[in-house]
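Quick note: the coordinates plus some simple rules give every number you see, no bench work behind them. Worth saying up front: this structure is predicted, and the values here are computed from it rather than measured. Heads up, the Cβs are rebuilt from the backbone with ideal geometry, glycines too, and the neighbour counts pull from every protein chain shown.
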Amino acid sequence: MSWTLRAEGLAKSFTLHLQGGVEMPVLRGAALEVGAGECVALSGPSGAGKSTLMRLLQGNYGADAGRILLRRSDGSVADLAQASPREVIALRRDTIGHVSQFLRVIPRVPALEVVAEPLTARGVPGEEARARAAALLHRLNLPERLHALPPATFSGGEQQRVNLARGFVAEYPLMLLDEPTASLDAVNREVVIALIDEAKARGAALVGIFHDVEVRHRVADRVLEVAPLREAA
Amino acid sequence: MNDHPILSASSVTRAFGAVRAVAGVSLDLWPGEVLAIVGESGSGKSTLLRLLAGDVRPDAGTVLYRASSGATRDVHTMGEPARRHLARTEWGFVHQDARDGLRMAVSAGGNVGERLMASGARHYGDIRAEAARWLERVEIPAARIDDAPRLFSGGMRQRLQIARTLVTRPRLVFMDEPTGGLDVSVQARLLDMIRALVADLGIAVILVTHDIAAARLLAHRLVVMRHGRVVEEGLTDRVLDDPRHPYTQLLVSSVLAA
């Protein structure tokens, strides 16, 4: 099986200048390969660097060393670790889907628009984008009366479903899922598991942090242990 | 992806007396891109904006603008008539104080229509209809079209300035602290409006702000300035979430989370 994501030699440390320049090494020599249609779960104690790795894979943190090779849907390969800001933005539009644990709310933008935005950014006409967004929100059991409201006042579970819909509405070759079921009830958890299965079936590569052991067992093909650096060194 | 920057500054330097306000700044802006220049008062960010727009001449360095015709023009040697023409047609300016961008005694509709006429529109009915459409777009009630902006609130004036600037669909807009001096509740509305309009029209924007939250909301890319120099630049969320420079770390850690 050919890979969609291939990360190697990743290193990340933080220099805290406000704390006297303390160095905080988090990752060294981290590597990960995920094939099309495969789901890899990151595991390890908190503080081990799972979230840091996810942020590197999304381009939110910059790697100190290493490569993050991504295969775009046209087959071409990009190195996210070397990509310019414009290239990262293009990769996020077309290649990397991301479901974070918390929704960063934009004032005044209704939930439906939040979800439709990844489609309109790719040039899908507004009406079609909103129809697809509404269908996915329905599937995630977000009541229709909430679609036209900005998610700022939504509950944690409602915001997470908006976030999930935004992540799954467009078909990305790579999906990054950070605790996608953390605030969900059993019914919606099943919906998310089905969405993940469908993404795998269409050939997406997925990387996730799943603290819910049952969800992890059901969706992950493989578990990657992320070990804290001091013990690994 | 369009492969020519719309604006390109190299090694731009400017001193006022013994003070080097801007020291050797280079940057590129791409079509449709929003670039925020952040830093504290005195960092040189407003001077840099004026250098980029051609309002202040550099002691050294060049600023090149790639016009819609494809021709590349040096902003500081093109001459005042050419620059004024650009300012009327392909460029726009949003000032912190709306009074600097509006004619306070002219009606709201007239403020918007005037800019249309300056860029060549002639038909009165079309101009008034377009002005009305833009007032609606920036959420100014149609009934206020004949009122002068001196009767408007600060937020409404700023929205009118946005309408006046964007009505001609400029390719490049310079914004200097567009939300400065407004109430917080008014700022959110204005920011969201700017965000939606800029994305919708595909305008390139250089935004000077000391408001990190505004930069996060609006900008694709961030330049952090201190003492006239760029200390850090990059993708907005990466600079804010993974800041490298001590000054950027200080700036980010000083923002209160709501």
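Mean-square fluctuations from a GNM of chain A, with a 10 angstrom spring cutoff on Cα atoms, peak among A:ARG93, A:ARG202, A:ARG132 at A:ARG202. Protection proxy ranking, highest mean first, for peptides B:44-57, A:5-18, A:39-52: B:44-57, A:39-52, A:5-18, where packing is the per-residue count of other beta-carbon atoms within 10 Å, averaged.
The orientation-averaged projection of the convex hull spanning the C-alpha atoms of the range B:49-119 amounts to 5.6 square nanometres. Spacing of the modelled spin labels on B:HIS210 and A:GLN19, each 7 Å from Cα toward Cβ, amounts to 2.9 nm. Applying 1/(1 + (r/R0)^6) with R0 = 35 Å to the Cβ-Cβ distance of A:ALA131 and B:ARG133 gives a FRET efficiency near 0.85. Averaged over peptide B:229-237, the number of partner chain Cβ atoms lying within 10 Å of each residue's Cβ comes to 3. Remark on the range B:99-169: Rg and Dmax equal 10.6, 31 Å (Cα only). Across q = 0.07, 0.12 Å⁻¹, chain A modelled as identical point scatterers on its alpha-carbon atoms has Debye log10 I(q)/I(0) values of -0.23, -0.68, in the order of the q list. As a proxy for reagent exposure, B:THR72, B:THR248 were ordered by neighbouring Cβ count within 10 angstrom, fewest first; the result is B:THR72, B:THR248. From its DSSP helices (H runs of at least four residues, each -39,500 (n - 2.57)), the protein assembly as shown gives a residue-normalised ellipticity at 222 nm of -11000 deg cm²/dmol. Using C-alpha pairs under 8 Å with a sequence gap of at least 6, the mean separation divided by the residue count of chain A gives a relative contact order of 28 percent. With respect to chain B, whose longest principal axis is taken over its alpha-carbon atoms, helix B:124-137 is tilted by about 50°. Helix A:186-201 and the long axis of chain A differ in direction by around 70°, with both axes built from C-alpha atoms. Working value for the protein assembly as shown: equivalent-ellipsoid semi-axes of 42, 28, 20 Å, each the square root of 5 times a Cα gyration tensor eigenvalue, largest first. Compared with the dominant Cα axis of chain B, that is its longest principal axis, helix B:80-89 is turned about 60°.
Counted by neighbouring Cβ atoms within 10 Å, the residues B:GLU136, B:GLU233 run from fewest to most as B:GLU136, B:GLU233.
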